[in-house]
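S.K.: Okay, here's the structure, questions in a sec.
The values are calculated or read from the model by the stated rules, or taken from the named source; none is laboratory data. A quick note: this is a predicted structure, and the numbers were derived from the prediction, not measured. Backbone-built Cβ (ideal geometry, glycine too); neighbour counts: all protein chains shown. Just the protein is used for accessible areas: all its heavy atoms, side chains included, with ligands, DNA and RNA removed. Shrake-Rupley method; radii C 1.70, N 1.55, O 1.52, S 1.80 Å.
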Amino acid sequence: MKRLVICGSPRAAGRSRALAEAVGETYARAGGAVNHVNLSDVRIAPCTGCERCAVSERTPGIDDLYCIIADDMMTVRELMNASDELTVVCPVYFSGAPSQFKAFLDRLQPYYYSSKWRAAKKRPAHLFVVGEGGDPHGFAPLVGEVRSALSVAGFRLDAVHDWVGRVEADGSLAGSDRLREQPEALLAEGSAPASDYLFIEPDGIRPAGAFSACKASHTQAAACVSVRPLDDAAAQEADCG
């Protein structure tokens, strides 16, 4: 098993980096090769929308994933292509991706135009979401961006791991004592199927099951169940934690 862990944080040493290293160590204990890519350490320019990659597959002598921008994305793509499983650890910025991580996602565009990769069997992927906590708008847009972009690159987002508010500024993880005794538990903490992240509930953020549980236990369940205008969404989320 070859695994790749990508840390999408622009910070060289922060919450996401600490969690990414802990996840990588857990994978290593299970056996197999583990590679790491920290976006803070590589140079990936934003996509310019030139669409040169749209004709790469039809151009003799050109790799079907060719991109006119010469930077570290080529190395990252090679690691992705050689991996059996991909894990992304990323902070949430205003419900979505930080600009450096979004640039990485956009640079996956050559896969979209490759018939080889479109036909390839999808490999499993995991998303660990990190944040200080307190934003009532959650991270549903981040999940959608990752699911969409990784799907063209030959990956299937299977699970989302909610670590928002569970990694301290110094990198210490919630439940550190227990995780030292049971390190594999780290992979199950806050985990929910990616399919649970739907945009059909009033909050459109947390797994459907979690929000349903909130509605069932809330003393004013009717306030959570009723459909409200979009402007009231944030207040509703705050009511339901």
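S.K.: List the residues whose amide H sits under 5 Å from the amide H of N38, counting only those 5 or more places along or on another chain, with H placed 1.01 Å from N in the peptide plane.
M.R.: Those qualifying (amide H under 5 Å, at least 5 residues apart or on another chain) are C7.
S.K.: Please report the accessible area of H36 (heavy atoms, 1.4 Å probe, ligands and nucleic acids excluded) in Å², nearest 10.
M.R.: For H36, the solvent-accessible surface is approximately 80 Å².
S.K.: Now for a different question. Once phi is turned into θ = phi - 60°, what whole-Hz ³J(HN,Hα) does the Karplus curve with 6.51, -1.76 and 1.60 give for every residue of the range 154-159, x standing for Gly and Pro?
M.R.: Along the range 154-159, the couplings run x, 10, 10, 6, 8, 9 Hz.
S.K.: Next question, about the same structure. Residue separation times 0.36 nm, minus the C-alpha to C-alpha distance between M74 and A13: what's the value?
M.R.: Values: separation 61, 0.36 × 61 = 21.96 nm, distance 2.41 nm.
Full extension from M74 to A13 adds 19.6 nm.
S.K.: I've got another one for you. Using a 1.4 Å probe, what is the accessible area per residue for the range 49-138, in Å²? Intermediate results must be reported in sequence, preceding the final value.
M.R.: Values: 4380 Å² over 90 residues.
That works out to 49 Å² for each residue.
S.K.: Residue by residue, what Karplus-based ³J(HN,Hα) values in Hz, rounded to whole numbers, does the range 84-90 have, using 6.51, -1.76 and 1.60 with θ = phi - 60° and x for Gly and Pro?
M.R.: 8, 8, 10, 10, 10, 10, 9
S.K.: Using a 1.4 angstrom probe on the protein heavy atoms only, could you order T26, T48 from most to least accessible area? Numbers along the way, then the final one.
M.R.: Numbers: T26 15, T48 100 Å².
My answer, sorted largest first, is T48, T26.
S.K.: Can you give the extra length, in nm with one decimal, that the chain gains between F94 and K116 once fully stretched, where that is 0.36 nm per residue apart less the Cα-Cα distance?
M.R.: On the way: separation 22, 0.36 × 22 = 7.92 nm, distance 3.49 nm.
Taking 0.36 nm per residue and subtracting the Cα distance, the gain is 4.4 nm.
S.K.: Over the alpha-carbon set of the range 24-136, divide Rg by the Kirkwood Rh and report the Rg/Rh ratio to two decimals.
M.R.: 0.99
S.K.: Right, another one. Please report, as a whole percent, how much of the solvent-accessible surface of the range 1-153 comes from carbon and sulfur atoms (probe radius 1.4 Å). Spell out each step's value before the answer.
M.R.: Working: 3730 of 7040 Å².
In the range 1-153, the share of accessible area belonging to carbon and sulfur is 53 percent.
S.K.: If you take every residue apart from V42 with its C-beta less than 9 Å away from the C-beta of V42, what net charge results, scoring Lys and Arg +1 and Asp and Glu -1?
M.R.: Details: positive: R43; negative: D41, D71, D72.
The answer is -2.
S.K.: Could you check the simple spin-label distance between S148 and A192, using points 7 Å along Cα→Cβ, in nm with one decimal?
M.R.: 2.1
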